[in-house]
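Just so you know, all these numbers are worked out from the coordinates, no wet-lab data involved. This is a predicted model, so every value here is computed, not measured. Backbone-built Cβ (ideal geometry, glycine too); neighbour counts: all protein chains shown.
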Amino acid sequence: MRDVPVVNPWLPAPHPAGGTNGKPRGSVQARLAGLTGPTAPQGAGVPQPELALPVARTHPGSGQTWWWLGVHGGAGVSSLEQAVPGGRDAERAWPASSHSHSVVLVARSSASGLKAAQSAAQQWASGMVTGIELLGLVVVADAPGRRPKILHDLVRLVSGAVPRLWQIPWVEAWRLGEPPSSHQPKECAPLAHDLTRLTQPA
């Protein structure tokens with residue numbers, strides 16, 4: 001029997017010229033962390049989530065180029081803000097102002113954290129928030145050790161609703177209150193690189 005390819009319902013058909021998600025091969029977006037989902041809201045075709053994050057007016061940051069949006073309490077934004085310079089805590093609300101904003105969702109890898117990330121992604125995809133360039137989702141481990149299959153599968157499902165997925169492992173030093181900037185897992189380097197490149201002016 002011929003293998004049937006798995007189709008991600010969040011992604012449009014591949015670009016005929018070999019591009020990714022409607023972007024030509026070789027573009028910055030196509031070369032960076034592999035796209036896992038749509039890069040723009042789909043609008044009316046996506047149902048609005050029952051629970052939605054608020055939208056809040058923002059004030060200019062000092063050298064800030066993107067916003068970390070924690071989709072629930074304890075997502076790990078404070079640690080990421082120190083470990084990966086360049087972003088600013090959006091304080092659990094979509095940023096709103098007269099210009100567009102680059103946003104990175106942040107969630108723990110628990111079931112409740114991933115479902116909150118799914119709701120936030122659905123809110124963006126349905127067009128409930130505007131002026132947002134969603135760069136992707138950072139999933140921060142909620143416990144040491146291997147992740148249960150049910151959570152592994154949930155991460156994979158949620159990744160289909162966001163442009164990109166980055167994962168940060170459990171860092172015991174962060175739990176003990178050590179400075180995240182002094183205890184960075186190797187996964188922070190590609191995350192910083194991707195976000196810096198993605199937020200550079202075209």
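Compared with the alpha-carbon gap, the fully stretched path from Ser100 to Ser112 is longer by 1.4 nm at 0.36 nm per residue.
Running Debye on region 26-155 with equal point scatterers at the Cα sites and no solvent, what base-10 log of I(q)/I(0) appears at q = 0.11 Å⁻¹? With no solvent term, the Cα-only Debye profile gives -0.39.
What is the packing order of peptides 48-55, 136-143, taking the mean over residues of other C-beta atoms within 10 Å and listing the highest first? Working shown, then result.
Working: 48-55: 14.1, 136-143: 22.8.
Descending mean neighbour count gives 136-143, 48-55.
In the frame of its principal axes, region 111-202 has Cα extents of 39, 36, 19 Å, reported largest first.
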